[in-house]
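FYI, it's all coordinate maths here, none of it is from the lab. Every value quoted in this text rests on a predicted model; they were computed, and no experiment measured them.
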Amino acid sequence: MEILRHVVVVVHLVGFAVLFGAWAVEAFGGRKHITRIMNWGLVIAAIAGLALAAPWGVEGAMNYPKIGTKLIILLIIGALLGIGSARQRRTDSVPAALFWLVGVLTLANASIAVLW
């Protein structure tokens with residue numbers, strides 16, 4: 001059971017890597033657009049994170065403040081991606097602050113997953 005949990009942790013981190021990697025490609029490529037790959041990375045990270053939040057064979061207490069913090073940040077990232085996608089369809093651009101906030105929050109969420 002512990003091996004399965006570790007596999008889900010890896011999938012969770014891969015989801016953040018996909019999201020952050022797609023964001024980094026856009027940020028350093030000069031386009032600054034929201035892409036479908038960012039949305040897929042968010043979905044992968046969210047599903048794996050929800051699976052990790054389930055109390056399945058964990059020794060000791062769950063870290064609910066960590067789970068809540070990561071969930072709130074994940075929801076904010078999802079909202080920013082949705083708002084950015086809508087603005088991009090309408091005006092063909094994403095506000096710079098919104099775009100950079102997606103990257104910063106993604107890095108913060110992955111950091112919380114590893115360091116907390």
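Quick one: check the C-alpha center-to-center distance for the stretch 38-53 versus the stretch 74-116, whole angstrom. Comparing the Cα centres of the stretch 38-53 and the stretch 74-116, I get a distance of 15 Å.
Under the membrane-span-like helix rule (DSSP H runs whose alpha carbons stretch at least 27 Å along the helix axis, mean Kyte-Doolittle hydropathy 0.0 or higher), the chain yields 2-29, 64-91, 96-115. Temperature 25 °C, viscosity 0.890 mPa s: under these conditions the Stokes-Einstein estimate for the stretch 66-116, based on its Kirkwood radius over C-alpha pairs, is 214 µm² per second.
Per the Cα gyration tensor, the stretch 6-85 maps to an equivalent ellipsoid with semi-axes of 27, 13, 9 Å, ordered largest to smallest.
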